1. With the Cα gyration tensor of the chain in hand, convert its eigenvalues to equivalent ellipsoid semi-axes via √(5λ) and list them largest first in whole Å.
2. Where nothing but the Cβ of Lys and Arg (+1) and of Asp and Glu (-1) is charged, how large is the charge dipole of the range 1-105 around its Cα centre, in debye to the nearest 20?
3. For the range 110-210, which GluC sites (Glu not before Pro) are both in a DSSP coil and crowded by at most 13 other Cβ atoms within 10 Å?
4. Work out from phi, with θ = phi - 60° and the Karplus expression 6.51 cos²θ - 1.76 cosθ + 1.60, the ³J(HN,Hα) of each residue of the range 86-93, listed in order in whole Hz, and give x for Gly and Pro.
5. Quick one: dipole size for the chain, taken about the Cα centre, charges +1 on Lys/Arg Cβ and -1 on Asp/Glu Cβ, in debye to the nearest 20.
6. Going by the alpha-carbon gyration tensor, a ≥ b ≥ c the square roots of its eigenvalues, is the range 4-53 rounded (a/c under 1.5) or, if a/c is not under 1.5, prolate (a/b greater than b/c) versus oblate?
7. So what is the calculated 222 nm ellipticity per residue for the chain, using -39500 (n - 2.57) for each DSSP H run with n of 4 or more, over all residues, to the nearest 500 deg cm²/dmol?
8. Find out how many positive minus negative residues lie around Trp175, taking Lys and Arg as positive, Asp and Glu as negative, among other residues whose Cβ is under 14 Å from that of Trp175.
Amino acid sequence: MSRTRIKICGLTREADVADAVEAGADALGFVLYPKSPRALTPERAAELARRLPPFVTPVLLFVNAAPEAIAHAVRLVPQALVQFHGDETPEQCAAVGRPWLRAARMAPGFDLLDFARRHPGATGLLLDTHVEAYGGSGKVFDWSLIPPSVPVPVVLSGGLNPANVTDGVLRVRPWAVDVSSGVERDKGIKDAALMRRFCQAVREADARTA
């Protein structure tokens with residue numbers, strides 16, 4: 001049976017980190033984009049990342065950040081995966097010298113296969129809904145826009161929640177799923193019950209694809 005990995009993003013509190021790990025998350029995202037309502041300082045992200053057990057990966061999310069700012073954060077969280085969510089070039093992503101995810105903002109006419117070819121060094125492509133501002137929209141994009149046989153592992157994001165993630169896994173068959181607002185009570189404040197239901201819904205989908 002294949003297992004869909006689960007990333008919960010936008011963590012800001014110790015209790016939520018503990019609840020996300022207990023729910024079964026494989027990775028936790030910490031937003032280092034000052035304009036986000038879920039933004040953290042690198043120091044605060046490092047505090048929360050130190051609470052993670054082995055095999056749960058911290059992910060540091062950046063949007064058009066200065067190279068020195070990225071380098072500083074990576075030094076503080078040396079086990080982190082890096083996620084680029086802005087207009088970073090493949091060269092800028094690779095220059096960090098760490099495994100990285102590249103966000104692709106999905107919209108009609110967007111050529112995901114070409115985008116994947118231009119980012120061969122990415123560990124995965126995180127597919128999110130295209131909005132005018134950077135960051136999560138809480139809105140689902142048209143999953144039929146995803147072509148078959150994307151040559152890089154796909155992380156499905158954009159408006160996922162406990163009610164629709166099973167369908168997303170069954171239809172897209174992504175390597176992983178990513179959720180933020182879909183398991184929140186308020187921006188940056190996670191709901192333990194919603195995180196458990198989200199992870200259970202992913203596991204139910206996995207069981208149906210066995």
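The values are calculated or read from the model by the stated rules, or taken from the named source; none is laboratory data. None of the values given here were measured: they were computed from a predicted structure. FYI the Cβ positions are ideal-geometry reconstructions off the backbone, even for glycines, and counts take in every protein chain you see. In case anyone asks, the SASA skips ligands and DNA or RNA and just uses the protein heavy atoms, side chains included. Shrake-Rupley method; radii C 1.70, N 1.55, O 1.52, S 1.80 Å.
1. Result for the chain: semi-axes of 23, 22, 15 Å.
2. That gives a dipole near 160 debye.
3. Sites meeting the loop and neighbour criteria: Glu132.
4. For the range 86-93, the Karplus curve yields x, 10, 4, 7, x, 5, 5, 5 Hz.
5. Its charge dipole is roughly 320 debye.
6. It is prolate, given that a/c is not under 1.5 and a/b is the larger ratio.
7. Counting only the DSSP helices, I get -9000 deg cm²/dmol.
8. That sum, taken over residues with Cβ under 14 Å, equals +2.
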